[in-house]
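A.B. asks: Shown below is the structure under consideration.
Derivation of every value follows stated rules applied to the coordinates shown; laboratory data play no part. Just so you know, these numbers come straight off a predicted model, no measurement behind them. As a convention, Cβ positions derive from the backbone with ideal geometry for all residues, glycine included, and neighbour counts pool all protein chains shown.
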Amino acid sequence: MRHRNIDDTKYSLAAIDSVIERGQRRDWALLQLEMKRSPDLCRKVFDIASHNLEHPYTIRYHYWYHLAKERLKG
């Protein structure tokens, strides 16, 4: 899935939200790989996910919230 807000491997906040909400397994796997390399990206994912925990697709946001939280811990 191509996300219009992704520039190479730089994820904008809108791109992160798009991947979480409308992504497929491949998209999620790529985001997880990038999160391993970038604490800044983990912070962005944490922020996006934490603001959307009441979203209709909330289970996805909960997953990413907890994943980012664990990765930021260390």
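A.B. asks: Counting only C-alpha contacts under 8 Å and six or more residues apart, can you give the relative contact order of the chain as a whole percent? Walk me through the numbers on the way to the answer.
C.D. replies: Working: 68 pairs, mean separation 20.5, N = 74.
Relative contact order for the chain comes out at 28 percent.
A.B. asks: What longest region of the chain stays clear of trypsin sites (Lys or Arg not before Pro) that DSSP places outside H, G, I, E and B and that have at most 15 other Cβ atoms within 10 Å? Please list the in-between numbers first.
C.D. replies: Details: sites that count: Arg2, Arg4.
Maximal segment without exposed cleavage sites: 5-74.
A.B. asks: Once label points are set 7 Å from the Cα along Cα→Cβ at both Ala14 and Arg43, what is their separation, rounded to one decimal in nm?
C.D. replies: 2.2 nm
A.B. asks: Give the residue from Asn52, Leu13, Ala68 lying farthest towards the positive end of the charge dipole for the chain; charges sit on Cβ (+1 for Lys and Arg, -1 for Asp and Glu) and the dipole is referred to the Cα centre.
C.D. replies: Ala68
A.B. asks: So how long is each side of the chain along the principal axes, counting just the alpha-carbon atoms, biggest first, in Å?
C.D. replies: Projected onto its principal axes, the Cα set of the chain covers 29, 26, 19 Å.
A.B. asks: Let me ask something else. So what's the back-of-envelope 222 nm ellipticity for the chain, counting only DSSP H runs of four-plus at -39500 (n - 2.57) apiece and dividing by all residues, rounded to 500?
C.D. replies: -22500 deg cm²/dmol
A.B. asks: Dipole magnitude of the chain about its Cα centre, charges +1 at Lys/Arg Cβ and -1 at Asp/Glu Cβ only, in debye to the nearest 20?
C.D. replies: Numbers: 14 positive and 10 negative charges, 48 e Å.
Value, rounded to 20: 240 debye.
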